[in-house]
Structures are given as C-alpha cells and as structure tokens.
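Asks: Right, I'll just put the structure down here and ask away after.
Bear in mind that the values in this text are calculations on the coordinates, not laboratory data. Quick caveat, the model's predicted, so the values are computed rather than measured. With ideal geometry, Cβ positions are generated from the backbone for all residues, glycine too; neighbour counts draw on all protein chains shown.
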Amino acid sequence: MYRTALRNVLAHKGRLLMTALAVLLGTAFVAGTLVFSDTMGRAMRNSYSTSFSDVSVLVSATGGDGGGPVDSDAPRGDRAVLTADTVKELAALPGTERARGVVSGFTAVADKKGDLIGKAWSSRGANFVPDASGADPRYPMAEGRGPRAAGEVALNRQAADKAGYHVGDTVRVAGNGAARDAVLTGVFTTDDPQVTSGGTLALMDTATAQQELLEPGRFSSVVLTAKPGTSEAQLLDQARAKAPAEGVELQTGQELKDEQTRMVADSVSGMKTMLLVFAGISLFVGIFIIVNTFTMLIAQRIKELALLRAVGAGRGQVTLSVLVEALAIGVVASVGGLLAGVGIGAGLQSLVHSFDEGMPTGSLVVAPVTVVGTLVVGVLVTVLSALLPAVRASRIPPVAAMSSGEQPTTQRGLVIRNSIGAVLAGAGLGLILAGANGTGSNAQHLLEFGAPLALIGVFVLLPLLSRPVIALVGPALAGVFGTPGKLARLNAVRNPRRTASTAAALTIGLTLVTALTVIGNSVTSAVTSMVGDTMKADYAVNMANGRQLSTDLTGLVAKADGVKAVSQVDNVWWDIEGVGKDRAIEGYDAAAFDQLIDLTMRSGSTAALGQDQVLVNQDFATKHQLSVGSTLRATAAEGAPVTLTVGGVFEATEGVSPIVAPNRLIEANDPHPLVQQILVKGVDGPTSALKQSIKDATGRNPVMEVRTMQDMVDDFSRIISTMLNLMYGLLGMAVVVAVLGVINTLAMSVFERKREIGMLRAIGLERRGIKRMIRLESVVISLFGAVIGVLLGCFLAWSALRILASELKGLTTVIPYGSVLLFLGLAALVGMVAALWPARRAARMDILSSIKTD
Amino acid sequence: MSTSTAYAAHTGVAAARATGLNKVYGEGETRVVALDDVSVAFGQGEFTAIMGPSGSGKSTLMHCMAGLDAVSSGSATIGDTELVGLKDKQLTRLRRDKIGFIFQAFNLLPTLTALENITLPMDIAGRKVDRAWLDRVVETVGLSGRLSHRPAQLSGGQQQRVACARALASKPEIIFADEPTGNLDSRSGAEILSFLRNSVRELGQTVVMVTHDPVAASYADRVVFLADGRIVDELHHPTADSVLDRMRRFDAKGRTS
C-alpha cells in the first residue's frame, strides 16, 4: 500500500515538483529567518559583552548621559551628582582597583564639506583618560596621540577614514554648544559596539569634554574595576555606601551584560517575528498550491484509486496512501528548505555586512530548534494540506474503476461554502466598517479582528466571485483574441475551486502590498499638504539630533546675507484654565509671522499678534467657545499668571498648533521655551546661497540642518518608501510561491485537457492559438486574484486610515492609481510568465497521442 | 470554397488521394511498417469505409491522409493540395478549412454549448457562419432544441451528432470519421451511420470512415480492406454479410499463415 504511495510520488515527480518547490521556499524562508536571527543575536551579544569586560560596577547619573553604549540622547540632567570628588571617593574604596570617570554625550563631527559624518543618533563624544604613560587602555591610538588640551580631538578609525581625515588636520566639532575647530591628534580603534556599528566617537580631554558635553567638573558615569578577590556584588555594596543617595544608578558588570543580552534578544526577536510573519505568509500561500495539487492528482487517478478499493483496500488505507505521498514530499522539500535556509541565513548575514560594515559577524548558528522547527513546519503544512483531498480520495466508490474513460466533472455544490464565506466576510466587513466609523483603540481592535475575518471570508467566497468577475472581461477577451480568448475565459471559470485557490495566492500578496502602499501614499500626501499649505518659509533650521536650539542662533541667522524674515518657534506648555497643560502654545515672531506662515483667518487677523494677542484655530475655538476678544487664563511654567486674549480664529491645520502666540508674550512670562526650529524667509526664495549663508552665520555647525520644506517632505517620504520597499521585498517570496502555484495549476490543467487540446489542434487551431489560450487563461486567473486583492487592500487601507485620521488631521485615503495599475500590470505579467512553460508544453503536444482514447 | 464540388458525386474526381504511401515507425530491429506502398483515392460525394483487422494500418492511413501524421514517403493530397512537405501551420490551416473530423470519443469541448461546438472550426478560422446551411445541418442531425445544452447534458448519441454537425458545418471537402460508433449503443450508432450516409446522398458530402464493425461498413458505398499495411481488397455497395464474409477470410488467412 505504502509502496504504491511512494511509487506514485516517483511516477508523478514532474507534477509534484511545483508543490515541493512551494514547500521548499516556505520552509527555506523559515529556516533562513531562524538561522539569520540566531547568528546575528550571538554575534551582537559577543560584540557587546566585550565592551563590559573591564566593568565591575557602573555608577551612572540618572537623568543625564549614562555613558552606556546605548542611550546618548537623554536630555541634560539638572543635578551634577557625579563629580571629581565622587570619582576619588569611589577610587578609594577597598575593593576598587581602578575608577574611571566617564564623560559622554552627543558630539557631531563635520566632514570636509561641513556635513555631519554618519548619523546624528550614533555621533558621540567622550573623555580621553590617559594613564601615566599618556595612553588610555580603553582607546588605544592607532596613529598619533590622545587629546591633552582644549582644541585637540581624537577620532575613531572608521569616522576618520570616512571623512578622509589624517592626524594634524583641522576638524570641526560640535557638542551641545557652538561648533569649534580642533586639531586631530590621534586616530584610535575600539571594540565599542556602537562605534563599530558605524558610529562616530570623538575623544577630548576630560575638562573639555565636561565643558562641551556636560558641565565643568561633572561626570556622566563612573566605571569601577574590582580588585582581584573582590566580587562584583561586594564592590557594589561598598560603592552604594559611598555614592550619592539620589540621582545615581548602580549596576554590576553582570547586570549590564544581562541587560544587554536581553536588549539584543528583544531587538533580534522583533526582527525575527517580523520575518517569520512573512515566512508564514509564504507558507500559507503554499497551502493553496498543495491542496490544489493533491486535488488534481486524485482527480486524475480516480480509476487507479477506485481499483485499489475494488481489490480490497479500505477507505482508511486510501487516505493513508495519499497522506504518505504528502509526507514523502513534505520531508524531501523540508530538508531541501532547511539546507536552502542555512544558505539564506549565511547570505543575509553577508548582505547585511556589506550594507553596514559595522554589523558584527560570527559563525552560522544552526540551533536544534531551527532544524526541528523547520522540518516539523514543512511536513505538517504539507500533510495537513493534503488531508482534505486525501479524505475525498477515500470516498471514491470502487465502481469508478469500471466506468468509461470520460471523467465525470463532479461539481460539488458550493452552497455550504458560499454560506460560510458570506457569514465570515459579512461579519469581517461589518467589524471593519464599525471600526472605521469609530475612534481610538476600540476601533483599532475592531479592525484588527475584522480584517482577518474579512480576508478569510473573501477567500472562501473566491470560487463564487470568479464567475461574475471573470465574466466582466469576457467580451473583451473574445473580441480581441477571438476563439482562444473565449476558450481561455471559459477554462478559467471551469473549475471555480481550482481557479480560486490558484488566484488566492496572488490575492494575499496583492491585498497586503496594496494596503501598505495606499496607507504609505496617503500619509505622505497628508504630510506634504500639511507642510505645503501652511508653510511659506523657505528654510527651516533644526538640530539633526532633535535637541533644543540655542536661542542666540536666531539672532545669528537674522544677520545672515539674503535673509528677509526670521522667527524661532517657541513651544510652551502652560496650564490653561479649562484646557489643561497638554496643549502646546506655539510662538512666532509677530513681525515675521505673515511671511513665514499662511493661515486662513475666519475672524480677526494675524496682526493681533503684534498686540500680544493670541490666535486659536476653529476647532479649538468651537470647543472652548472662544471668539475674537475672549480671554483665557493661564499659568506659565514659573507660576506667573498670564491672560491670553484671542485676537483671531484660523482654519485648523495640522502644521500649526491650535494656539499661536507672539514670542514676545511667551518669553516675557517664560524665559526658557523649547525651541527646536527656526523658520527663515529669503529675499530670493530658497537658494543654495541663502542656505550657505545661514550655515556660515551659525558657525558651520555639523548638527545644524538647514532644509527647505520640500527637503523635509522628501526626507519623510524616503522613510515611507524605504519601509514599503522592505515590505515589497519580503512579500516577493509569497509572490514567487504564487507564481509556482499558477504554473502548477496550468501544467496540470494542460495535462487533464490534453484530449481537448489535441482535438482543437486537429480541427484547426494553430500552435499559436493553443499557446495564446493557455496564456490568456493564466492572465485571467492572475488578474482575477490581483483585482480582488487590490480591492480588499484599498478597503483595508481606507478603514485603517479612517482610524488614523482621528490622530492625524487632514489624513484622507489617497489611492495611488499609478501604483495600483502597475500592480495589476505586474500580476498580468506574472500570469504570462507562469504560462510560458505550460503553454509551450500544450502547443507541442502530439495530436494523435492526445486524442487517443484509452 | 469547395461548394462547387459538393454535388460532384460519381464524376470520378478524387476528394483525397494517396499514392505510394509508406509509413514506417522505429528503426533497426524495432522497425514497423504501418503502411506499405498504399495507393488509394476517395471519390467526391462518396462514402468510403476503411476496414481491416487490428494493426492493419487503417487508422494510420486515415491519420496520414488527414494531415494528422507525417508520412515516411509517398504522396497524399486533399483536393489539389499536396500534404507532404507542408509545414505544421499550413497543415493546421488545411485541416481547419478543408477537413472535418469525427472521433470515437466525441471530443467536444465541455465548456461550450452544442451550437458553439458546432461552429468552433469556423470561429477559430474567424469565418462567417452560413446561417441557412447551419440550420439545415442542425435539422438533419436532429439537434434543434438542444443547441444551448452543454455536452455533459447530452447523451452519447447526441454528443456524437454534435460532433457530426461540427464536421459538416464548415462544408469541408472531406470528412474523416474514426470509429464514430465505437462508443455508442447500436441504436445510436445506426442513427449516426444513417446520418453520415444521408449527408453523402443528400448534401453531397465526402466521408471516409475507419471502422472494424461490418454493420457500420455496410452503410458505405465502398469498403476498402487493409491488412498488414497494404490494400488487399475492396467492395462496392457492401452489405453487412458480404463485409463479414470478406473479413472472415482475413481471419482464416491470418490463422493459416
């Protein structure tokens, strides 16, 4: 019995090839993900743990720059708790071998053109602590010497090489203050993972580092190395007794390592989960192919299976024999997938490494769970997918063995299937619609629950949908392509289940791709119109690391050549009576306002800013029953009472806060507003000369970004499109599997219909006509899947955007028709490509042997 | 088209002709001669049956003359057209425009209705359907009222009548029928055979039928007997008995040799 099953696998290996490939690709994706993430995880852990090798206890100032390798963007703390005295006291502890006061913070280094080297988030500065010999064991100098005085700096090797700096060059460096020039005294290497992963590290002498990054005399952390014989825990206890009681955190080296391990594990597992989701999608798509293949194989072997039953095989045995076939394919394909997956893991690692040389590498990790998991998943998916066809096979009556050669086209009723599908799809769509009309997390849950329900419902309904949807293109097909077109359409709807499960693979991919694209496009266009509608300024100046701008910069920019109007944007969160504290009041320079910001006034005028009055937007005014002349009582940050008089009401726009005040009013009551942006209008618009003159005026600080509104929009849309491209890449695998499915279905259909094809050839259809017929059938099926996917995707995106719109004003669904058409075109192309081989086979069929009666 | 020749029965003009036809399969020890120097002509407006025991080469002869199979040597013509040397595309065109086929297993497209199956060859050619002729053919085969049915809704006899109508509808120069009654019960078979005979007598069609059934052969005007790839005999105005009688002599000869 089982020998029969295995013989069948061998006999049909050509026809099972696509199934095996589908399983192989899916499992390879799974195995590749696991191997890659395990390997990356281990490499990262290894690389991070070296940076704690000399740390027994770390005493770090909380609320300040911790000096740890991870955080560097936390705002400056108010209390200087770690001083040189603290370092001395800690060094004097009986268990301390060495104590090192660490100064660490954001430091930007400019390249020769004045632009920031690397990324703002990974640009750091630290203090160089020379020992008696003048060297710092933590930062061994590869060239030159360490910095000893102000005006000297050392750079890590990668950053120096990237910018082309050599020892002796003058380098422009900026910490929290203004940029300044320093002489490059040395180039060093370090195994600090944040530096090796592409970061920039500038070393200064301790006093300069304190001056530039913190405050004089202050340290961000103290690293204690224990004497031999003193455990980390003992040293921790000693240090705790001496360290300031508040504002510091003490951790042992082991704790730091554990924390690091956990963080690495978290970040790797996030990536792993995402990749596994896409691997799961590929496998899910593969299920349709497996089900299709076995259903078709069994249909072709009705007589054979009936014969087995006739000679005495039980139903269970027939089912089992089919399952054994599936098992054999599952095992072979999963083993192949595992091997391919290890290869993918290795490939991904070197790919990541080639993009970013700093990424740690290590030997491949093939964990037992990877091997077992991949094999189990592959085999289970194959066998479970074959279960339904196998059970159906057992229902073939023995008498079918005696029936004539004509295969009865048993079309089991779709009534039950359609009812289930209608209920699922209806419930899903209902939930989504309810979610789309609601707001907040509740609506989000409705969508999250409704979307998969609707998807499954639509998949169940695909056979029902296939006829009417494909009928739509019928006249066009017959009109343009004649008889082959007409036959292609009829063949496509001939077996709705088969068409549906073939198309479903593409539907899944297209639904996701379309939904993501529509959402991305809508968000981008919302942001574009937001910026474009209100901003009249030519340039916006801000810090690349998102920090506060020094207030004297505004004056410097104002003096730059070609500047017509300037305003810094103040932000304060005053406690407004009846409103609360969480509404930001945005401040602008009253005189420059009209040249920088374009508001549509409903009442009053922007000139009111000149009289120290505020402007509020329509929504805010309606909510709090305000009109021109109304007043609001507020308490400023320092406790000073302020009365805000409404001088105008403007149409709400996402680009401007609901309350706009003149800077003079804000600064009179709050000397320290948050300033993150300076808006500039030029005499001749956004020219590169203006940009350069702003840069020069502000001391050519590499952290300073001078961008046009278009630059900001472009930067934003680049982020969106990078994300979309990543998703497209990951969904590509599912599409490849879907193509295999189309090839599979067509090849099997061609085999099943070989007599028809032979007859068509006999009565005069040319080879070209046969090819065209198969190709068009493929295109019709692919387009059917794609159209449903695009529609579903648009719908899902629309509902998600409706929910998001409550948080982002002006967000509406913008369907990128070009992209949608491109997707449909690609789907048609996929159909064409998938049909190449089956169509060729069909056209080459020998007429006589195809029409021969058996 | 060939309408002018449709009523040219008994004028001695050949609708199809084979001259010195050879068909050899395989090489060396596996070499099989399926047709051995066969020369035969099928007259216009004539109903010819090709008979012979299994393996006599009767189907091969039909396939070669219908442009479905390539010959090893010799010549085969349909009307004035020499088949030997034609490219696949030209052969396909020839089959489409000048030949009608009736197969043992009906070979209808299950997705098309009876009417669509009948007009399929003309649809493929992109030719206009002669409505009056189509009506006449449909009426003759007795399919009126079932034209919108799909093959699965028709009985075997009805399906074969659709196949006959398909062969006739495009007014081919010659119809080749390969065991057209092989899958039918005797009553349906008799209907089909009468219909084929009527199409020759009344519509002036030329029909060549391969069969191993003496009763089927008795409907023909002439029976050509094949054995071992050679034409060994022929009968005019046969009856079932005379055909059977002739066949028995093959068997006897086959057993004695």
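Asks: Applying 1/(1 + (r/R0)^6) with R0 = 45 Å to the Cβ-Cβ distance of B:Glu27 and A:Ser721, what FRET efficiency is obtained, to the nearest 0.05?
Replies: The calculated FRET efficiency here is 0.10.
Asks: Taking the alpha-carbon centroid of each part, what is the distance from region A:232-291 to region A:360-392 in angstrom?
Replies: Using only Cα atoms, the two centres lie 26 Å from each other.
Asks: Which lysines does A:Lys564 reach when only Cα atoms under 29 Å apart count, and residues fewer than 8 places away in its own chain are ignored?
Replies: Excluding near neighbours in sequence, the set is A:Lys113, A:Lys536, A:Lys681, A:Lys691, A:Lys695.
Asks: Just how large is the dipole of chain B about the Cα centre, in debye to the nearest 20, putting +1 at every Lys and Arg Cβ and -1 at every Asp and Glu Cβ?
Replies: 460
Asks: Mind giving me the FRET efficiency for A:Arg157 and A:Asp696? R0 is 35 Å, r the Cβ-Cβ distance, nearest 0.05 is fine.
Replies: Efficiency at R0 = 35 Å is approximately 0.70.
Asks: OK, next. Take B:Thr239, project a point 7 Å from its Cα along the Cβ direction, then tell me which residues of region B:188-217 have their backbone nitrogen under 14 Å from it.
Replies: B:215
Asks: Based only on the alpha carbon positions, what is the Kirkwood hydrodynamic radius of region B:160-243, in angstrom?
Replies: Over region B:160-243, the inverse of the mean reciprocal pair distance is 13.3 Å.
Asks: Then there's this: Between helix A:368-394 and chain A, what is the angle of the helix's C-alpha long axis to the longest principal axis, kept within 0 to 90° and rounded to the nearest 10?
Replies: The angle comes out near 30 degrees.
Asks: Now for a separate question. Taking the Cα atoms of chain B alone, what are Rg (to one decimal) and Dmax (as a whole number) in Å?
Replies: According to the Cα coordinates of chain B, Rg and Dmax are 17.9, 56 Å.
Asks: Would you mind getting me the FRET efficiency between A:Leu387 and A:Ala135? Use the beta-carbon distance for r and R0 = 45 Å, nearest 0.05.
Replies: 0.05
Asks: What distance in nm separates the simple spin-label points at A:Ser603 and A:Arg315, each placed 7 Å from Cα in the Cβ direction?
Replies: Rounded to a tenth, the inter-label distance reads 8.0 nm.
Asks: Can I ask one more? By how many degrees, between 0 and 90 and to the nearest 10, does the Cα long axis of helix A:440-492 differ from the longest principal axis of chain A?
Replies: 40
Asks: May I ask for log10 I(q)/I(0) of region A:548-702 at q = 0.12, 0.21 Å⁻¹, from a Debye sum over the Cα atoms as equal point scatterers with solvent left out?
Replies: -0.52, -1.29
Asks: How large is the charge dipole for the protein assembly as shown, taken about the Cα centre, if only the Cβ atoms of Lys, Arg (+1) and Asp, Glu (-1) carry charge, to the nearest 20 debye?
Replies: Roughly 5380 debye for the protein assembly as shown.
Asks: Aspartates and glutamates near A:Lys112 by alpha-carbon distance under 19 Å, same-chain residues fewer than 8 away left out - which ones?
Replies: Excluding near neighbours in sequence, the set is A:Glu152, A:Asp161, A:Asp169, A:Asp181, A:Asp696, A:Glu705.
Asks: On to the next question. How far apart, in nm, are the 7 Å Cα→Cβ label points at A:Ala92 and A:Thr631?
Replies: So the two model labels end up 6.0 nm from each other.
Asks: What does the structure give for A:762-772 when I average, per residue, the other chain Cβ atoms found within 10 Å of the residue Cβ?
Replies: 6
Asks: While we're on this one: How much length is gained on full extension from A:Ser441 to A:Asp54, taking 0.36 nm per residue of separation minus their Cα-Cα distance?
Replies: Result: 134.7 nm gained on full extension.
Asks: Further question: So if I take the centroid of the Cα atoms in region B:175-224 and the same for region A:99-113, what is the distance between those two points in Å?
Replies: Going from one Cα centre to the other spans 100 Å.
Asks: Could you give the length gained on full extension between A:Lys119 and A:Glu752, defined as 0.36 nm per residue of separation minus the Cα-Cα distance, in nm?
Replies: Answer, rounded to one decimal: 221.9 nm.
Asks: Counting partner chain Cβ atoms within 10 Å of every residue's Cβ in B:121-132, what's the average?
Replies: Going residue by residue through B:121-132 and averaging, the value is 3.
Asks: Starting from the exponent 0.38 and prefactor 2.2 Å, build the expected Rg for the protein assembly as shown from its residue count and divide its actual Cα Rg by it.
Replies: Normalised by 2.2 N^0.38 Å, the Cα Rg of the protein assembly as shown equals 1.34.
Asks: Right, next: Distance from the Cα centre of region A:712-746 to that of region A:129-204, in angstrom?
Replies: 42
Asks: Can you run phi through the Karplus equation (6.51, -1.76, 1.60; θ = phi - 60°) for region A:139-156 and list ³J(HN,Hα) in whole Hz, with x for Gly and Pro?
Replies: After applying 6.51 cos²θ - 1.76 cosθ + 1.60, I find 10, x, 7, 7, 9, x, 10, x, x, 10, 9, 4, x, 10, 8, 10, 10, 6 Hz.
Asks: Give me the distance in nm between label points sitting 7 Å out from Cα along the Cα-to-Cβ direction at A:Lys242 and B:Ser73, one decimal.
Replies: Label-label distance for A:Lys242 and B:Ser73, simple model: 11.3 nm.
Asks: Given the Cα atoms of region B:89-186, and with Rh set as the inverse mean 1/r over their pairs in the Kirkwood sense, what is Rg to Rh to two decimals?
Replies: 0.94
Asks: Does anything in region B:211-239 have its amide N under 14 Å from the 7 Å Cα→Cβ label point of B:Ser194, and if so which residues?
Replies: Under cut-off, by backbone N: B:219.
Asks: Quick one: helix A:2-11 against the long Cα principal axis of chain A, what's the angle to the nearest 10°, folded into 0 to 90?
Replies: It works out to around 80 degrees.
Asks: Run down the lysines and flag those whose C-alpha is under 29 Å from the C-alpha of A:Lys303, throwing out any fewer than 8 positions away in its chain.
Replies: Of all the lysines, those that pass the test against A:Lys303 - Cα under 29 Å, at least 8 places apart if same chain - are A:Lys13, A:Lys754, A:Lys852.
Asks: Can you give the charge dipole size of region A:548-702 about its Cα centre, rounded to the nearest 20 debye, using +1 on the beta carbon of Lys and Arg and -1 on the beta carbon of Asp and Glu?
Replies: With only Lys, Arg, Asp and Glu charged at Cβ, the dipole is about 200 debye.
Asks: Counting each DSSP H run of 4 or more residues in chain A as -39500 (n - 2.57), what helix-only mean residue ellipticity at 222 nm follows after dividing by all residues, to the nearest 500 deg cm²/dmol?
Replies: -19500 deg cm²/dmol
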